[in-house]
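Report on the following structure.
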Amino acid sequence: MRLVRLFILCSLAVLLFAGSAFAQVHTSLEIRGDVNKPRSWTVDDVKKQFAGEIQTVTKTGRDKKESTLTGIPLISLLRAADLKLEETPKHYDYSFFVIVQANDGYRGYFTIAELTLDVKDSPTLLVWEENGKPLADVEQPFRLFTRGTSRSMHGIMHITLVDGNKLAARLEQRRPVRAAVEGNKQAALSEQGKSDGAFAQDDEYLKSLIERFRFYNMSHGIFAPVYPALAKQLVEDYGKTKGIAVDLGGADGSLAFALAKISELTVYNVDINPGATRICNVLTDRHQLTGRVLAIEGDATNLPLRDNFADLVVSRNSMIFWPDMALGVREAYRILKPGGVAFMGVGSPRTLDKETLQKLSDRAKENGRKMAPIPKDLPKQLSVFGIKQVRIIEGPDGSWWVEMRKPANAK
Ligand SMILES: C[S@@+](CC[C@H](N)C(=O)[O-])C[C@H]1O[C@@H](n2cnc3c(N)ncnc32)[C@H](O)[C@@H]1O
């Protein structure tokens, strides 16, 4: 019960009206879930009720063109819905989730803490107008805009539904299964999938997502043993078993799940690819880690997370794709709490069993792949920014890892 009580959910939904699946006109947004005042809102309703809170922001698109967006802080609407927060909330602002779902099924999870970082200059806006004109049909009636990010949540357009209550209920139903799975987790999970109507639907959705994010086949194939081994090493080496971890370029969440399973960490799985975020959301539910693993679409070099946020930042096989590796590492440092540690790199952890290590190396040889070069200059580049506690750890198989600590007295 305690977990369920903590895991209070609220949802936003768009009512769909008339026409075929593709000709649907979305005219209002519904808030439901764990709120005292559920209701739906049209753009006109929002404009009238929140006239004093309307904001205009300027964003630069990928084509470098500027446009202005008009909206209100998402948190204003949630406050009007009167969230059912706990009576004696310990960190309620991290445990109350708002789930925003676009009508293509893409979900974004927010904690109240993220939405209220700075109430006056709220980071996440619910937008209905661009350059003084209503949004394009495919974005109506509302879309999100998150400040200070290059892409982040822009993908959540014409916001549709999540049934928060159902999700909470699902968690409740799963509890006995969780107890039963200790012996054979996979079998129990797939049995549960068969008996749960919602999961049957998810199977089709998951298949379509895998088609679009093929890396899933690697993370669930040859790389599968790497994640539990890396998670174990992280816990052994750094002892961060509570608080917040962030995996940068975490793809479908394999490392995030492994970490969440052996610790009490809440793990944010950040990836630039919306396909990865979507798969991670589906898998999170299947691993019964709803609320413990949170998938966020974001760029590692411009993170949609506040300063001093995470106890642990991890990243595997992603840095080499970042447009500016040093910038990404600085972002990791920015979001680390004082006393926090980051472990980011390429290859395998030292805890990986020899057999898998050999398989990975044979496979790389077959494919003519070489390990990415070690970024030897990185500590020097970072020291210019006052980041001093950085060292590179090299493995015998060509793996390399950047270990970075934020001093406990850092500001
Ligand atoms: C090879 S996969 C590795 C995934 C996972 N970390 C693992 O160890 O299996 C690289 C991932 O990094 C993500 N990625 C690439 N550039 C990124 C960026 N700038 N910010 C965040 N993620 C990024 C990709 O979308 C992809 O999911």
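In the set (1) of a type outside the set (Gly, Ala, Ser); (2) within 23 Å of residue 115 (Cβ to Cβ); (3) surrounded by fewer than 23 Cβ atoms within 10 Å (Cβ to Cβ), residue 335 fails one condition alone, (3). Considering only residues in region 285-317 that are over 28 Å from residue 203 (Cβ atoms) and within 7 Å of the ligand (Cβ to nearest atom), the one that is surrounded by the most Cβ atoms within 10 Å (Cβ to Cβ) turns out to be 300. Reported count of residues in region 386-401, each being in a strand (DSSP E or B) and either outside the structural domain of residue 319 (by TED's automatic domain parsing) or not aliphatic (A, V, I, L, M) (or both), is 4.
One residue stands out among those in region 240-284 that are away from the ligand (no atom under 16 Å from the Cβ) and in contact (Cβ under 8 Å) with a residue 40 or more places away in the chain: the one that is nearest to residue 303 (Cα to Cα), which is 244. Could you tell me whether any residue of region 266-281 is farther than 24 Å from residue 99 by Cβ, of a type in the set (S, T, N, Q) and at pLDDT 95 or above? There is no residue in region 266-281 that is farther than 24 Å from residue 99 by Cβ, of a type in the set (S, T, N, Q) and at pLDDT 95 or above. Residue-level check: of (1) surrounded by 12 or more Cβ atoms within 10 Å (Cβ to Cβ); (2) at pLDDT 95 or above, residue 395 misses just (2). Condition first: without any contact (Cβ under 8 Å) to a residue 40 or more places away in the chain, farther than 19 Å from residue 354 by Cα and either more than 13 Å from the ligand (Cβ to nearest atom) or crowded, with 20+ Cβ neighbours inside 10 Å (or both). Can you find one or more residues in region 223-234 that meet it? Within region 223-234, none of the residues are without any contact (Cβ under 8 Å) to a residue 40 or more places away in the chain, farther than 19 Å from residue 354 by Cα and either more than 13 Å from the ligand (Cβ to nearest atom) or crowded, with 20+ Cβ neighbours inside 10 Å (or both). Residues in region 318-356 that are more than 15 Å from the ligand (Cβ to nearest atom) and either of a type in the set (D, E, K, R) or more than 21 Å from the chain's Cα centre (by Cα) (or both): 337, 338, 339, 350, 353, 354, 355. Looking across region 48-66, just one residue is surrounded by 14 or more Cβ atoms within 10 Å (Cβ to Cβ), of a type in the set (S, T, N, Q) and farther than 18 Å from residue 37 by Cβ, and that is 55.
The values are calculated or read from the model by the stated rules, or taken from the named source; none is laboratory data. Every value quoted in this text rests on a predicted model; they were computed, and no experiment measured them. Glycine gets a Cβ as well: all are built from the backbone with ideal geometry, and neighbour counts include every protein chain shown.
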